[in-house]
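Okay, structure first, notes after.
The values are calculated or read from the model by the stated rules, or taken from the named source; none is laboratory data. What you are looking at is a predicted structure, and each value in this text was computed from that prediction instead of being measured. Every residue, glycine as well, gets a Cβ built from its backbone with ideal geometry; the counts of neighbours run over all protein chains shown. The protein model used for the area step is the full one, side chains on, heavy atoms only, and it has no ligands, DNA or RNA in it. Shrake-Rupley method; radii C 1.70, N 1.55, O 1.52, S 1.80 Å.
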Amino acid sequence: DENGLAVQLSFDIDSVMTDKVKMELKRSDSINVYSIFDIQNEASISIEGEVNKPGKYKWAKNITLKDILLTAGGATEAGDVKNIEIARRIDNVNLNTLNHLQTEIISVNLGDSLSNEDITLKPFDVINVRQKPSLSLTRAC
C-alpha cells in the first residue's frame, strides 16, 4: 500500500495470462503460486476405541476395515469385533435443508466366523471398536 505495508491480493492466473485482467507489479512485489495439492487435506482414516494402536492412518484406494484393524494392531482383549461403528461423511449434502445429515453410521460385525463381511473404507472414515458389553458389566461389579 501507500505506507509500504504488505498487502495480500488473490487473482486468477489464467485471466492475467490471457490479458483479460491487467496486473501492475511494483518494485519488491512478489507472487506466490500454490498447487492445489498444497491446500488439499491428505486423505486419512481414524480408528479409535478398543484397538492396540488407535490413531490416524493414511487412506489408500480399496483399503478395507479388516486392513485398517490389522494396521492398528488388532482389537484389544476388551475390544468387541462384533460391534464396530464407522462414521462416514455423506457426499453432496444439501446444507440448505433443515437438520441435514452430514454423516452416516455404519454398524459392522466382524465376529461371525461364517461371514466374510468386510467393508471398503472411504477417505475420512472414523472407526470405533466398542468394548465388549460383558466386560463393562464385570468391571462395574
All positions within segment 44-77 that are surrounded by 14 or more Cβ atoms within 10 Å (Cβ to Cβ), assigned to a strand (DSSP E or B) and either among the aromatic types (Phe, Trp, Tyr) or without any contact (Cβ under 8 Å) to a residue 24 or more places away in the chain (or both): Tyr57
Residue selected from segment 97-108 under the condition part of a loop (DSSP other than H, G, I, E, B) and within 21 Å of Ile127 (Cβ to Cβ), by the criterion modelled with the lowest pLDDT: Leu101
Total residues in segment 31-43, condition modelled with pLDDT of 80 or more and either more than 35 Å from the chain's Cα centre (by Cα) or open to solvent by less than 100 Å² (accessible area, probe 1.4 Å) (or both): 2
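Quickly run through segment 52-96 and pick out the residues that are basic (Lys, Arg) and within 16 Å of Asp125 (Cα to Cα). If you could, list the steps in order and put the result at the bottom.
The first filter runs over segment 52-96 and keeps only residues basic (Lys, Arg), leaving 53, 56, 58, 61, 66, 82, 88-89.
If the condition is that a residue be basic (Lys, Arg) and within 16 Å of Asp125 (Cα to Cα), then Lys56, Lys58, Lys61, Lys66, Arg88, Arg89 are the ones that fit.
In the set Lys56, Lys61, which member is modelled with pLDDT of 80 or more, among the charged types (D, E, K, R) and in contact with a strand residue (DSSP E or B) (Cβ under 7 Å, 6 or more places away or on another chain)?
Working: Lys61 fails: in contact with a strand residue (DSSP E or B) (Cβ under 7 Å, 6 or more places away or on another chain).
Lys56 is the lone residue from the list that is modelled with pLDDT of 80 or more, among the charged types (D, E, K, R) and in contact with a strand residue (DSSP E or B) (Cβ under 7 Å, 6 or more places away or on another chain).
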